[in-house]
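A.B. asks: Take a look at the following structure, please.
Please treat every number below as a calculation from the coordinates, not as lab data. Everything numeric in this text was worked out from a predicted model, so none of it was measured. No Cβ is skipped: glycine too gets one built from the backbone with ideal geometry, and neighbour counts run over all protein chains shown.
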Amino acid sequence: MTKEKKTDNLLLEEVAITVMATIKDIAKEARVSPATVSRVLNNDSSLSVTSDTRERIISVAKSLNYKTVKSRKQATMNKKLPYRIGIFVNQSIEEELNDPYFLTLRKGVEDQCTRMGLETTEVYRLNNSIPTDIYQQLDGAILVGKIDPSLIYALKDKVEHFVYVDCSPNEDKYDSVMIDFDKATNLALTHLLKRNPQQIGFIGGYTIEHTVDYGEKVVMDERHQAFVGRMKQEGRYREDQVFIGDFTMSEGYRLMKEAISKGKLPEAFFIASDPMAIGALRALREQGLQVPADVAIVSFDDVEMAAFASCPLTTIHVPIELMGATGVKLLMDRMEGRQIPLKVTVPTKLVIRDSCGGQA
């Protein structure tokens, strides 16, 4: 065998050891059991071995270039992926603070980007001017909330991949993460109807959809649509018991006061967000009305404050942070080559608390 050939073989053997080394390989060379190797390399403090044995195991592991599962995962986490993404939202900072649903949704996106080593740019709020030169630096974009596809049309030559979170304008074209608002609303209404109220009222908000020219379109919220459909099906729909405003605590308070002032207050209300429901609770309390004895309430979202309201809220739980994280995973999958658009519908569930007692 020539000297060159021998050197090549030695190099191949070294590569094989580097790639193929396992705990069993280390155990064999260090003359200990695989279990001992595993516990030493994972710093198991309950293991009693001599210092010579411990050092021998570590030395062999280093010579074989062995890395624990934990260290490999950490290396992957620390590795920056070669992508930059933008996060587009249609809420102002004030609107996010008034309705923590969207704040939590954005946090879910940002936290998942951090976990995956993705570099995110600043958050683009569609009520502000957006520098066009930023778009050319983006590999993908996550659109949070109701954002008109006109934005995508304007950017399609500059940003290749888009994912909608909390909206699905065209599931044949765009990836999206949604909840089934119709199903969730009907779950809430079914629970309320088991109390056999004569009437069920609705307090909700308008949904604002932003367009590329910074215009706004007011659209009917999905929960409102589902409420109207179910109540008509039950033969119980009354338009004068539907109250619509902004998705804020103060509006929930104002709208419930309006409902009270009309007289013949419904014995139950479906309220489209937890902050609105908390405002409504205060209005009822000021009038000496008890929840759920006089008025039962089921709300929506299950943000943290729902459990700590003056009367803890029965509400539809939405896995908000999971929705944001799923959007990031879909975007990464797209950037890695997937061609077919996917629509992910995350499940919701009813969380029963004091505002509408009894079991579903």
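A.B. asks: Just to be sure I understand: if I project the alpha-carbon convex hull of region 225-331 onto a plane and average over all orientations, what area do I get in nm²?
C.D. replies: Over all viewing directions, region 225-331 projects a mean Cα-hull area of 7.9 nm².
A.B. asks: What are the ³J(HN,Hα) couplings of region 191-204, residue after residue, when phi is run through the Karplus curve with 6.51, -1.76, 1.60 and θ = phi - 60°? Round to Hz, x for glycine and proline.
C.D. replies: 5, 5, 5, 5, 7, 6, x, 5, 9, 10, x, 10, 10, x
A.B. asks: If you plug each phi of region 138-146 into the Karplus form 6.51 cos²θ - 1.76 cosθ + 1.60 with θ = phi - 60°, what whole-Hz ³J(HN,Hα) values come out, in order, with x for Gly and Pro?
C.D. replies: Along region 138-146, the couplings run 9, 8, x, 9, 10, 9, 9, x, 7 Hz.
A.B. asks: Take peptides 196-206, 49-59, 274-284, 254-264 and line them up by average Cβ neighbours within 10 Å, highest first, as a rough protection proxy.
C.D. replies: 274-284, 196-206, 254-264, 49-59
A.B. asks: Ok, one more. Quick check for me: using +1 on Lys/Arg Cβ and -1 on Asp/Glu Cβ, what's the dipole size of region 149-290 about its Cα centre, in debye to the nearest 20?
C.D. replies: Using only the charged Cβ atoms, the result is roughly 860 debye.
A.B. asks: For region 287-360, what mean projected area does the convex hull of the alpha carbons give, in nm²?
C.D. replies: 6.5
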